[in-house]
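Worksheet: one structure, shown below.
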Amino acid sequence: MFTWKPPNSPAIVQVILIVSDQADISEMWEASFQEKGFTTVCEAPENAPQTCRLIDPAITVVDTQFPHTKRLEFCSELRAATPSPIILLVPDYNGNQIIDMYNIGVDECLLKPISPAFLVVKATSWLLRRRWLDFDSNLTHAYTGI
């Protein structure tokens, strides 16, 4: 089951899907994106592939505590459900495991801990790359306060 949050700005209509098995972490990511005007949907891992098919997110952010093999299986299932970028937050740097994730279709692996501002900037970068967000020379400043 997912909850729909309307955008703060009518100009931004792209949905950021946040998939996490930790409610408090999910709420933190959601608040970070919503603070910057993004529409978000939070989902538990078991429902995420179906939600991807239903809402066609612009980006999917995955933050789970799965062991590597389950994370591979899960991200492979997500990739089959959506062509949109998948940003995976990983708990530690293991080059071979990260290569595995890229090989099954994850678009970006980010090492935790990661600041909410940095995650928003990474997502914004993907939106710009995919031309789902208009470029603004003040974008970094506007979205992160940097």
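For Ile59, which of the numbered conditions (1) open to solvent by 10 Å² or more (accessible area, probe 1.4 Å); (2) in contact with a strand residue (DSSP E or B) (Cβ under 9 Å, 6 or more places away or on another chain) fails to hold?
Failing condition for Ile59: (1).
Filter the stretch 1-17 for residues that are β-branched (Val, Ile, Thr) and modelled with pLDDT of 95 or more and give the result.
Ile16
Write out, first by first residue and then by second, each pair whose Cβ atoms fall under 8 Å of each other, whose residues are 6+ apart or on separate chains, and whose first residue, in the stretch 98-113, is surrounded by 12 or more Cβ atoms within 10 Å (Cβ to Cβ) while the second is polar (S, T, N, Q).
Ile104/Ser76; Gly105/Ser76
For the subset of the stretch 27-44 comprising residues that are open to solvent by 10 Å² or more (accessible area, probe 1.4 Å) and polar (S, T, N, Q), which member is nearest to Val61 (Cα to Cα)?
So the residue we want is Ser32.
The values are calculated or read from the model by the stated rules, or taken from the named source; none is laboratory data. Since we're looking at a predicted model, the values are computed, not measured. When we count neighbours, we look across all protein chains shown, and the Cβ atoms used for this are built from the backbone with ideal geometry, even at glycine. For the accessible areas, the whole protein counts, side chains as well, though only heavy atoms, and no ligand, DNA or RNA atoms are used. Shrake-Rupley method; radii C 1.70, N 1.55, O 1.52, S 1.80 Å.
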